[in-house]
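To start, the structure under review is shown below, and the notes come after it.
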Amino acid sequence: MIDHKRFERIIIGFLLLIAIGVAALYISDANTPFSGEGRLDIGGYSLYIKSEGEGSPTVVFETDIGGNYMDWSLVREEIKTETRTVAYDRAGIRQSDKSPLPRTSEQKAAELHRLLKKARIKPPYILVAEGYGGFTARVFASKYPKEVAGIILVNPIGEKSLKVIEQYLTKGELEEIKAGLKEHVKQAGKYSQDGSYD
């Protein structure tokens, strides 16, 4: 004859083991940093991210105007053997959704911060930024100083860059540069819905 009480305890014990195993997997997955590539929702819209390698600090790449996550691929290939790297498309660029929010550097820094949190990629971060991306990197570092180990700026654009250049150019040369910049933004806009670069 079957001892129903013992059988009941065995079944309950078995179910508890399954529940503990599932909970352990969930907890482990909830703390594991995102690896690979894909789109992550950061609050009603998604950004595309590519995270490779392991280690700390994480090197986060910011692209120039009209750039995308592939711009730093050769550098990332070398660095990912030493530490984690993150590249992404800003809102409205390539595989990321357009953001409903104003396209200020402060907003872009906040979006990057939310993306890193959503991807469970913990600080410290080293921000590597080219040109226009330097604005986002600098604002990010000022908003989240305890999370940033360093910044590397490549061909950075500063708030006073045009004023400095004006000192050394004739009026005609300056107009030519301004026209070139307008064309650059226009061309970048063909591949981007990022919004205003004013």
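The values are calculated or read from the model by the stated rules, or taken from the named source; none is laboratory data. Everything numeric in this text was worked out from a predicted model, so none of it was measured. Cβ atoms come from the backbone with ideal geometry, glycine included; neighbour counts cover every protein chain shown. These accessible areas exclude ligands, DNA and RNA; they are computed on the full protein's heavy atoms, side chains included. Shrake-Rupley method; radii C 1.70, N 1.55, O 1.52, S 1.80 Å.
Mind checking which lysines have their C-alpha under 24 Å from K80, skipping anything on the same chain fewer than 8 residues away?
Within the straight-line cut-off, K80 pairs with K50, K117, K118, K122, K146.
Report the extension gain between I152 and K117 in nm, rounded to one decimal, defined as 0.36 nm multiplied by the number of residues separating them, less their alpha carbon distance.
10.4 nm
Which far-off residues, 5 or more places away or on another chain, put their amide H under 5 Å from the one on K80, with H placed in the peptide plane?
Hits under the 5 Å cutoff: none.
Whole-Hz ³J(HN,Hα) for each residue in region 77-91, computed from phi via Karplus 6.51 cos²θ - 1.76 cosθ + 1.60 with θ = phi - 60°, x for glycine and proline: what do you get?
With the stated coefficients, region 77-91 comes to 4, 6, 6, 5, 6, 9, 7, 6, 10, 9, 10, 7, 9, 4, 3 Hz.
Rounded to the nearest 0.05, what FRET efficiency do A179 and D41 have when you use their Cβ-Cβ distance and R0 = 35 Å?
After rounding, the FRET efficiency stands at 0.30.
What is the percent carbon and sulfur in the accessible area of region 43-128, measuring with a 1.4 Å probe over the protein chains and ignoring ligands?
Within region 43-128, the accessible surface is 52 percent carbon and sulfur.
Keeping every protein chain present and rolling a 1.4 Å probe, give me the accessible area per residue for region 42-191 in Å².
Values: 7950 Å² over 150 residues.
That works out to 53 Å² for each residue.
Using a 7 Å offset from the Cα along the Cα-to-Cβ direction at both Q95 and S56, what is the distance between the two label points in nm, to one decimal?
Result for the modelled spin labels: 2.7 nm.
What number comes out for the charge environment of E176, summing +1 per Lys or Arg and -1 per Asp or Glu over other residues with Cβ under 15 Å away?
Values: positive: K171, K178, K182; negative: E166, E173, E175, E183.
Surrounding charge for E176 is -1.
Simple spin-label model, 7 Å along Cα-to-Cβ: T83 to T32 in nm?
2.4 nm
Arranged from highest to lowest average of other beta-carbon atoms within 10 Å per residue, in what order do the peptides 90-97, 138-145 appear?
For the peptides 90-97, 138-145, the packing ranking is 90-97, 138-145.
Amide H neighbours of E62 under 5 Å, at least 5 residues apart or on other chains, H built in the peptide plane: list them.
Amide H neighbours of E62: V128, A129, E130.
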